[in-house]
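**Student:** Structure incoming, see below.
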Amino acid sequence: MASTTNFRPKLAMGTFVLLSVALSMTTASVTNGASSPSNRSIHAAGQHSDTKCQDGLILSVWQPEDNLTTGDRIARGLVYFFSLLYLFIGVSIVSDRFMAAIEVITSKEKEVRVKKPGGEEQIVVVRVWNETVANLTLMALGSSAPEILLSIIEIVAKNFNAGDLGPGTIVGSAAYNLFVIMAICVLVIPDGEVRKIKHLRVFFVTATWSVFAYIWLYLILAQITPGRVDMWEGFLTFLFFPATVITAYVADRRLLVYKYISKQYRMNRRGVIVQVEAESAMEMNNRDDKLNTIDENGGISEEVRDFEESRREYISALKDLRKKYPQHDLEQLEIMAQEQLMNKGPKSRAFYRIQATRKMMGSGNIMRKISERAQSDLSEVKAELQRVDVDEPIEEDAACRVFFEPGHYTVMESVGEFEVRVVRRGDLASTVTVDYETEDGSAEAGSDYIGKKGTLTFAPGVDEQRFQIQVIDDDVFEQDEHFYIRLSNVSEPASLSTPKVATVMILDDDHSGIFALTSRDHELVESIGTYELKVQRYSGARGRVRVPYWTEDGTAKAGKDFEALSGELIFENNEIEKVIQLVIIEEGSYEKDVLLYVNLGEPQQIGGIIEAAERKAPEELTEEDKMALLGRPKAGDIVRAQLRIKESKEFKNTVDKLVQRANASILIGTSSWKEQFVEALTVSAGDDDGENEGEEPPTPSCMDYIMHFVTLFWKIIFAFIPPTDMSGGYLCFVVSIFCIGVVTAIIGDVASHFGCTLGIKDSVTAIIFVALGTSIPDTFASKVAAIQDKYADASVGNVTGSNAVNVFLGIGVAWTIAACYHSFHGREFEVEPGTLAFSVTLFCTEAFVAIIVLMIRRNPKIGGELGGPKKAKIVTSIFLFSLWIVYLLISSLEAYGIIKGF
């Protein structure tokens with residue numbers, strides 16, 4: 001990718017070449033004017049020898065005007081020219097602030113609940129502003145504000161009379177955007193790669209409006225009311241702006257007629273032929289069915305799918321990074337994946353324009369903020385999730401409550417006596433009594449335990465009481481048994497709370513035991529690390545017993561999802577529980593759902609009379625041996641457990657939060673005036689060198705320092721604009737557009753004086769110099785967007801919409817104001833068709849050809865509007881650039897009367 005620094009001299013050189021061409025044409029015009037009265041009259045329309053230059057809205061004419069030599073005029077022309085360059089820099093910098101406000105405004109997000117195919121609800125974050133509406137309203141206004149405001153300001157400056165500078169700049173800028181920017185974007189794509197316009201329906205709609213806008217200009221100038229513009233014409237021109245936005249939105253959302261056209265058929269995975277829209281058929285082949293089944297109520301399907309796609313890209317990046325950097329922990333990989341998501345994710349035209357402006361002006365590369373932002377985002381997300389996970393403290397109830405703690409006891413038959421605990425919570429100021437009594441379950445009082453009842457007294461300040469229960473030991477094999485202890489008759493003001501009944505399980509210890517897993521099904525998250533799978537011994541606990549165990553693959557694979565394990569558990573005498581330590585491998589999978597199994601083998605007695613009896617032949621067994629064998633260990637009902645490993649909820653929530661935060665507006669917004677002034681006074685590297693991992697951040701180049709000091713005045717002045725965090729960006733929006741208006745008014749005056757001093761007509765000055773100056777930031781922005789984006793929308797897809805909006809807002813508003821003013825004074829608003837009508841007609845013709853060329857490039861041999869095979873790129877770029885040269889040359893020749901116009 002060519003650096004921004006290398007591209008600047010080329011633009012400057014091109015500007016001087018165009019200046020030389022214009023001056024040559026002017027000289028030829030002056031020479032011919034000596035012998036041709038008609039040429040003299042043409043020249044007199046705005047040239048230095050026959051007409052006095054007029055004062056501008058803000059700047060007066062440079063005095064004296066009379067008896068200037070050619071050298072004086074050239075010297076003044078150079079001063080005006082470099083002043084224009086400096087003013088263009090200023091308007092680019094203030095537009096940076098304006099676009100940042102727009103990006104913050106249009107990046108507002110909201111949470112939306114959607115249902116997955118299984119009925120599970122999910123919260124996703126979507127943009128409040130529809131992307132198409134944002135591009136055609138605020139984004140278009142931001143990128144074209146100088147041209148639009150110049151047209152309006154010129155009307156006011158000329159006492160509401162028509163001028164050539166504003167309309168000429170709008171048409172010239174449209175030509176430059178459509179031909180030159182597209183030519184550059186086609187060429188800069190790496191060989192073999194292509195970029196396609198994603199929202200093709202919207203592109204067709206805006207392209208149609210773009211061509212119609214200039215056809216409409218020709219109609220009202222030369223056909224409907226030749227030589228004048230009525231109020232209804234101006235107002236209708238403005239109304240085409242909301243019409244453009246509405247029709248583009250309809251196309252984007254597939255509303256109205258789009259629901260019933262462009263249908264194709266495809267075969268789904270079940271072999272059923274179904275009908276789908278043409279573009280959707282292509283998209284469905286490239287997306288998971290899961291993404292297409294998300295609830296589409298409320299017209300949010302596209303945004304939800306974009307969110308899901310971003311999340312899937314994040315997971316994919318995380319997996320790739322885990323393979324590439326196995327030595328890094330998960331948190332480091334999450335930061336790196338977040339950087340990739342923000343770096344490669346789709347960005348608005350505003351983002352790319354701001355990035356281009358800052359790189360040109362020595363203010364650094366916005367993309368370098370991504371690493372810092374990714375670290376900050378991860379820290380905030382982890383802290384937020386920790387706050388959510390911590391249970392809110394339960395406030396102590398003012399009322400006094402009495403209950404067992406704990407509510408379940410497990411004891412061996414040989415325990416003798418054990419202690420039961422009763423507690424009270426809440427108000428401890430009074431004396432409280434409560435009765436307790438044992439109740440039979442499968443265990444019976446008198447044979448298995450000693451029944452008991454009594455009353456517990458809690459003195460003031462006492463919160464706990466205990467009592468003893470006795471268990472009867474015998475030598476008879478029997479199943480595990482249980483009984484209950486119940487609380488009752490609690491005194492005022494206390495009340496009984498759960499658990500008010502305690503369960504006591506008595507484990508028989510006269511048998512070697514039955515061994516089983518506690519549960520057949522287990523569910524765990526992959527982030528658990530080590531999972532303790534419990535194996536219990538019941539119906540006896542006598543002697544030492546070995547229990548073999550081993551893991552078994554299911555959909556979960558050993559070495560990938562868990563560590564394979566096999567071995568033996570040794571239960572000591574009277575030991576009733578052991579655990580198997582399963583190691584779960586965390587691989588950062590978003591929607592993991594895999595199974596593994598753990599099996600228990602036959603338990604075996606270690607030593608003692610049972611082991612000795614098992615070694616004897618059946619005929620050798622004595623009565624004592626046979627009695628012993630009745631108590632040997634056995635396997636229980638659950639000897640095979642199924643473990644389901646699911647994604648970590650923390651990881652899943654982290655992914656969702658990070659994807660939600662992958663918003664480019666956070667990189668270009670500002671939170672305080674201090675931050676703005678620090679940025680204004682700091683020199684930062686603008687190129688991309690030295691950004692590889694492990695390398696030191698690049699230092700500013702000589703050109704970065706030069707551009708910083710050249711632009712320092714503008715940076716400091718516009719640092720006073722309110723930060724974007726104030727009032728949601730709207731305050732910055734209003735102040736910025738006012739500042740753009742002031743700078744644009746000065747540009748209009750300087751451009752007019754420049755042309756008048758050198759004898760260049762305003763229409764030529766507009767299409768060559770002013771249009772080029774206001775479009776330079778868009779050039780760099782589109783170039784970077786073309787290379788970095790997956791699609792061509794941010795680079796060229798929005799050009800047609802912007803061109804249409806320029807006419808409908810810039811000319812529509814200006815001419816409506818002027819027409820109303822003249823109508824109020826009983827006059828007509830006169831607009832000479834002349835050069836403007838001719839220039840518009842020429843542009844429409846070439847624009848139609850350029851759009852056809854772009855559509856031809858979508859055929860499989862090339863594959864998209866941008867890029868493709870090297871030969872096709874070069875041919876397309878040369879052709880589009882030549883269209884611009886032809887437009888400039890013919891428009892300029894017509895302006896000077898060398899060729900005949902309308």
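**Student:** I'd like the residue in region 154-199 that is over 24 Å from Phe843 (Cα atoms) and either without any contact (Cβ under 8 Å) to a residue 40 or more places away in the chain or crowded, with 24+ Cβ neighbours inside 10 Å (or both) and, out of all such residues, is nearest to the chain's Cα centre (by Cα).
**Tutor:** Ranking the qualifying residues of region 154-199, first place goes to Arg195.
**Student:** On to the next question. Within region 634-656, take every residue that is hydrophobic (A, V, I, L, M, F, W, C) and at pLDDT 75 or above and give me the one that is farthest from Arg542 (Cα to Cα).
**Tutor:** The qualifying residue farthest from Arg542 (Cα to Cα) is Ile645.
**Student:** Taking the conditions exactly as written (touching a strand residue (DSSP E or B) at 6+ places or on another chain (Cβ under 9 Å) and farther than 26 Å from Phe240 by Cα), does Gly826 satisfy them or not?
**Tutor:** Values: touching a strand residue (DSSP E or B) at 6+ places or on another chain (Cβ under 9 Å): no; farther than 26 Å from Phe240 by Cα: yes.
Judged against the criteria, Gly826 is not a match.
**Student:** Also: For residues in region 412-456 being assigned to a strand (DSSP E or B) and open to solvent by 70 Å² or more (accessible area, probe 1.4 Å), which is nearest to Asn574 (Cα to Cα)?
**Tutor:** The residue in question is Glu417.
**Student:** Against the definition (under 57 Å from the mean Cα position of the chain (by Cα) and assigned to a strand (DSSP E or B)), how does Thr498 come out, yes or no? Spell out the reasoning first.
**Tutor:** Numbers: under 57 Å from the mean Cα position of the chain (by Cα): yes; assigned to a strand (DSSP E or B): no.
When the stated conditions are applied, Thr498 does not pass them.
**Student:** Given the condition among the basic types (Lys, Arg) and surrounded by fewer than 24 Cβ atoms within 10 Å (Cβ to Cβ), answer yes or no: does some residue in region 773-787 qualify?
**Tutor:** Yes: one or more hits.
**Student:** Moving on to the next point. Condition first: more than 17 Å from Glu846 (Cα to Cα), open to solvent by less than 30 Å² (accessible area, probe 1.4 Å) and in contact with a Phe, Trp or Tyr (Cβ under 9 Å, 6 or more places away or on another chain). Now tell me which residues in region 200-221 satisfy that.
**Tutor:** Within region 200-221, Val202, Ile220, Leu221 meet the criteria.
For (1) under 33 Å from the mean Cα position of the chain (by Cα); (2) more than 30 Å from Arg632 (Cα to Cα); (3) surrounded by 14 or more Cβ atoms within 10 Å (Cβ to Cβ); (4) of a type in the set (A, V, I, L, M, F, W, C), each residue gets a yes or a no:
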position: Ser527; (1), (2), (3), (4): yes, yes, yes, no
position: Gly540; (1), (2), (3), (4): no, no, yes, no
position: Val547; (1), (2), (3), (4): no, no, yes, yes
position: Thr551; (1), (2), (3), (4): no, no, yes, no
position: Gly567; (1), (2), (3), (4): no, no, no, no
position: Ile580; (1), (2), (3), (4): no, no, yes, yes
position: Val583; (1), (2), (3), (4): no, yes, no, yes
position: Glu586; (1), (2), (3), (4): yes, yes, yes, no
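**Student:** Moving on. Which count do you get for residues in region 595-609 that are on the phi < 0 side of the Ramachandran plot and at pLDDT below 85?
**Tutor:** Total meeting the criteria: 4.
**Student:** Looking only at region 64-94, which residues are among the polar types (S, T, N, Q) and at pLDDT below 85?
**Tutor:** Result: Asn67, single match.
**Student:** Checking the condition aromatic (Phe, Trp, Tyr), buried (at least 21 other Cβ atoms within 10 Å of the Cβ) and under 26 Å from Phe677 (Cα atoms), which residue from Phe738, Phe718, Phe713 passes?
**Tutor:** Just a single option satisfies the conditions, and that option is Phe718.
**Student:** What helices (runs of 4 or more DSSP H) completely inside region 794-902 contain at least 1 residues that are buried (at least 22 other Cβ atoms within 10 Å of the Cβ) and more than 33 Å from the chain's Cα centre (by Cα)?
**Tutor:** Qualifying helices (runs of 4 or more DSSP H): 812-824, 834-856, 870-895.
**Student:** Let me spell it out: the conditions are (1) under 30 Å from Gly234 (Cβ atoms); (2) without any contact (Cβ under 8 Å) to a residue 12 or more places away in the chain, and Lys861 meets all of them except one. Which number is the exception?
**Tutor:** (1)
The values are calculated or read from the model by the stated rules, or taken from the named source; none is laboratory data. Since we're looking at a predicted model, the values are computed, not measured. In this analysis, Cβ positions are derived from the backbone assuming ideal geometry, glycine residues included, and neighbour counts consider all displayed protein chains. These area figures cover heavy atoms from the full protein model, side chains too; ligands, DNA and RNA do not enter into them. Shrake-Rupley method; radii C 1.70, N 1.55, O 1.52, S 1.80 Å.
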